[in-house]
Structure formats: C-alpha cells, structure tokens
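Reading through the structure tokens given below for one structure.
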Amino acid sequence: MLNRLNRAGWPMAAALAIAATGAATPAAAPAQSAASRVVEVDTNQGRLVTLARPISDVFVANDSIADIQVRSPTQIYVFGKAPGETTVSATTKTGQVVFSATVRVGNNFGSINQMLKLAMPEAQLQSYTMNGVVLLTGTVLSPQDAQEAESMVQAFVGDKVKVISRLKTATPLQVNLQVRIAEVTKTFAKNIGANIKTFDGTGGFKFGISQGRDNLTPGFLPGAGLGVGFTNGNGVTAMTQVANGSTLGATGKLFGLDILSALDLGETNNQVVTLAQPNLSALSGETASFLAGGEIPIPLSTGLGAVSVEFKQYGVSLAYTPTVLSDGRISLRVRPEVSEITAAGSVTFGGTIIPGLSTRRAETTVELGSGQSMVIGGLISNSTNNQIDKTPGLGNVPILGALFRSTGWKRNETELIIVVTPYLVKPVNANEIVLPTDGYQAPTDLGRVFMGKLGGGMTGGDRAKPTMATPTTGPAVGANAPLPVSPNAPMPSPDAKRDEGKAVLPKKPKKDDGSPAPGFSQ
C-alpha cells in the first residue's frame, strides 16, 4: 500500500513517479539495517513512531494486518487491524530507507505480559504473537508454574489462538530421597520345668514326672541305668541338658530306689537392632524403585497335582514418586519396606518348609522442602505372654505342686521409626564422588596364602579417575587439509634418510591448542 502525504499537505508527485517507475535510488544498506526493528501493536490499537529524517513514501506489505497514517514528514502512526505480521518501509525522496520495521499485530500484547507479571512476579516471562500464534518464553520456578502460565494465556486469547509454551524451569527437577528405617526389638523369656525318675533294678516300683523337657525318652530298661532325656542302656545314670536353658540334676538312693531328678531353668534375652538407609534419585513426576535383598521361591498348588512357583521379594526396598512444586517444595508418594526371612510363621507344604517373612512397610504422601525431614511412620509395641503347663490336680498342690508344672514367661518390646528426607540435586563431577571401594587393593597370592589377608589398601584412599590427556595435533580437516601427494611426485633422495636423524622435532603444542582427548591416569 502506498500512502501519500497529501493529508499533511506535502507534494508527492515526484515521489509517486519514482515509486511507480521503480527507478528509485537503492537505499543505503547501513541506513536500512540501522533503522530496522520490530514494532508490536495490539489489535485495534496504534503506536506513534518518530523518524530521524523526513520521508516522502511509505510502503505496507499487507494493509489488512496493519495500516499507516502519516502525521508529518517525521512521524507515522502504525495501526493494528488484524492478528498477523507484515513489514513497513519509509523512504526519502532520493530512495534512502529511513524506517524499516516488522509490524506484529496481536491480541493485546501488553495485557498478556501485564497479566503474567501480576500472576507470577518472580518469573521472567514474555509473550510474542505471530500469525495467530502466541509464543511463551522465559523461566519459571516449577513445572506447575509453566502449566498455569500456559492455561492463563490460553484463556485470555481464546480457543481460536494457539499457545505454544517454550518455558524453562529454574528449579532442578531431580530429587534424591533418603529414607532411614530404625528398629530395636527386645525379647525376654523364662522357663522352669521339673523332671523326676525312679528305677528299681529288681523290677519293682517305678515312677516318673516330666514337665520341663519336650524330648524326654523313658529309660526304664531292666539292668540299665537312669536316663533323663534319653535311654541309657550302659548301666550309668545320665542326664542331658535342655535346649535354651540350664539343668540342675541330682541322683541318689531313697527307700531302695534309684532316683534321678532334673530342674530345667531357662532365661533368654535377645536384642535385634535394624538400621536401613536406602538412597534413591529420580526425576520429578517419575517413579523410581530400589531393592537390596533377594527373592525366595514359594510353591503354589494350581490343582490336579500341579505345582507352580511364585517368588517373593525380601530385603530393603524403596519406591517413590516425587513432584517438584513451587518455592522448591516437593510432594512425595513414598513406599519404604524392610523384610527378612524368619522361622516364625513358617509352614510345611509337600514336605518343603516354607519360611515366613517379617515385614515393616509404610506407604504415604507427604510434602516437604529440600533438606527437610519428616517421620512418616513409627511403632512402639509391648507384649507379654505367660504360660503354665501342669498336671491336673497335682499341679495345684502348694509347694509340692511345683514338681508337677512348668512355667514360661515371654515379653517382646519393639520400637520402629521411619524418616524420609528429600533433596533437590544436580549432577556433579565424577571425580568428586566417593565410593566404598576407593583405596581397596586385591591381596597377592603370597599375602592371601601365607599371611591370611583378605584385602589391602587404605579406606578412603584415591582411585583411578579419568584425566585430561595431553592434547595432540590431529589431522587437518576441510580447507586446512594438505593436498594429496601427486603420483608423479619425485621420490625422496637417499640423503633424506641420512638427514632424518638431524631433523628438528616440532615443538609441543600448548594446552589450549587443539581439542583435548579423554584418557586415564596410570
């Protein structure tokens, strides 16, 4: 579109003739590049542009997107008509370009940026509209902020305009989770039992009481000795010790009878301390899992005599899903577990003893800041078990009834606590990571056989790490490559080999010359 300056009363005949014939003097390149810029205008709004020199002609590539009104030879008014992009150029009478700009017309540029600044003052956001598309650029604190910014702009411009988000997140999106599972279990047990046996070698009176042993075998063989716990056929009075306890025994003759008595006393104190501290890293929004343990086979009956095997995991396991929120806070869906094989609860299936699993597990969702800790689970358990096994009637007799009964007392105390601590992390240099195997050295045959050494080295020592090798001059590529040797090139003279030893070696290049190549220290 060609707008003439008649509105301002300026003659345009010469300029129109030059523009119509196309014989205008080419504009100077420096002037055009210096005046080129981008003008953003909202729809149905305008912007006044002041020029450095008077102009005579104004050109608009697409007047349906933007229009130009000339206020004076040094001022033009850019008016936005429809969303899109066009170009505007203004020249002097001699054809020199005074003003050249790309005009972008969008749906309320200023209002979009103002809305984003009010909603997210800590973020650095900028919106651009080109050909009916809104482009969002900048940096936000979290993925949630990026989603909210895109939703707000889409609601502002309507469904007919497409919003493209190219926002970057300033917060590191990798989360490292440390879980500490600490447990202390104490068990106290006491057992008291009595055993009495008599033996008459003439085949007369025999008598026996047993309340303290499960493996008692009668020992009433003629001509043999007494035995408590097994049958003694060697004519010797003997007694075995009860498991998990102490045995007090006495033997002698009373009224012509051989008497053997045993008092079983047992007391057990057991304490188990468990500390598991798994550590796992994951990206925000992704699920990570960890297992340090194994699997045990569990046979299952599938009918018609068929048996299948199912594997159950045990050990220390951790699964969690982190989500980085605004202000660096982290939402965690976490599931730590510690399980171990135990004889308690074991069953026998088809002649196979299947052990039980003792499991401590917690599953919850918490929200924490980086480096903050929270107890997500805990347990304090106290249980007491009293048991009396006695002979009916005789066990109730005072004093003497103790010979006809056994007592057992057991108490369990358990205290368990689970703590989680998330961290926002970034990758580090590999040389800064300390490994448990640093400083370890395998033993030599001499040290292993004659000295009994299992390993050598020093804990915390250094390990072989990648280093930067001395840069070397590689073959030239491209324009710097040497020309190939011509087939007709003369052969080197015999004196060349003689002078080869006298050749001066090139100096080693400096460290900043060439590209460094990776290598390993010796």
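The values are calculated or read from the model by the stated rules, or taken from the named source; none is laboratory data. A quick note: this is a predicted structure, and the numbers were derived from the prediction, not measured. When we count neighbours, we look across all protein chains shown, and the Cβ atoms used for this are built from the backbone with ideal geometry, even at glycine.
Of note:
- Here Asp462 clears all of (1) out of contact with any Gly (no Cβ under 9 Å at 6 or more places or on another chain); (2) at pLDDT 60 or above; (3) among the acidic types (Asp, Glu) except the condition numbered (1).
- Of all the residues in the stretch 351-400, those that are more than 30 Å from Gln174 (Cα to Cα) and among the polar types (S, T, N, Q) number 11.
- Residue that is in contact with a Leu (Cβ under 8 Å, 6 or more places away or on another chain) and either crowded, with 18+ Cβ neighbours inside 10 Å or of a type outside the set (Val, Ile, Thr) (or both), where the choices are Asp57, Asp63: Asp57
- Within the stretch 345-363, residues that are within 23 Å of Leu379 (Cβ to Cβ) sit with their Cβ atoms under 8 Å from residues that are among the basic types (Lys, Arg) and in a strand (DSSP E or B), at 6+ positions apart or across chains, in these pairs: Leu357/Lys312; Arg361/Arg335; Ala362/Arg335; Glu363/Arg335.
- Summed over the stretch 291-334, residues that are within 21 Å of Leu368 (Cα to Cα) and either modelled with pLDDT of 85 or more or part of a loop (DSSP other than H, G, I, E, B) (or both) total 14.
- Residue list for the stretch 438-459, restricted to those being at pLDDT 80 or above and among the hydroxyl-bearing types (Ser, Thr, Tyr): Thr444
- Pairing each residue of the stretch 50-70 that is under 10 Å from Ala82 (Cβ atoms) with any residue that is of a type in the set (Gly, Ala, Ser) and buried (at least 21 other Cβ atoms within 10 Å of the Cβ), provided the two are 6+ apart or on different chains, yields C-beta distances under 7 Å for Ala66/Gly80.
- In the stretch 381-433, of all residues being modelled with pLDDT of 85 or more and of a type in the set (Val, Ile, Thr), the one that is surrounded by the fewest Cβ atoms within 10 Å (Cβ to Cβ) corresponds to Thr384.
- Subset of the stretch 68-84 (residues that are at negative phi and surrounded by 19 or more Cβ atoms within 10 Å (Cβ to Cβ)): Ile68, Val70, Ile76, Val78, Gly80, Pro83
- Unique residue being farther than 15 Å from Gly106 by Cβ and out of contact with any Phe, Trp or Tyr (no Cβ under 6 Å at 6 or more places or on another chain) when the list is Thr92, Thr43, Thr86: Thr92
- Qualifying residue in the stretch 380-396 (condition: outside any loop (DSSP other than H, G, I, E, B), under 29 Å from Leu291 (Cα atoms) and under 27 Å from the mean Cα position of the chain (by Cα)): no
- Total residues in the stretch 142-168, condition in a strand (DSSP E or B) and either buried (at least 17 other Cβ atoms within 10 Å of the Cβ) or touching an Asp or Glu at 6+ places or on another chain (Cβ under 8 Å) (or both): 3
- Positions within the stretch 101-123 being at pLDDT 85 or above and assigned to a strand (DSSP E or B), in sequence order: Ala101, Thr102, Val103
- Residues in the stretch 171-208 that are modelled with pLDDT under 75 and within 31 Å of the chain's Cα centre (by Cα): 2 in all.
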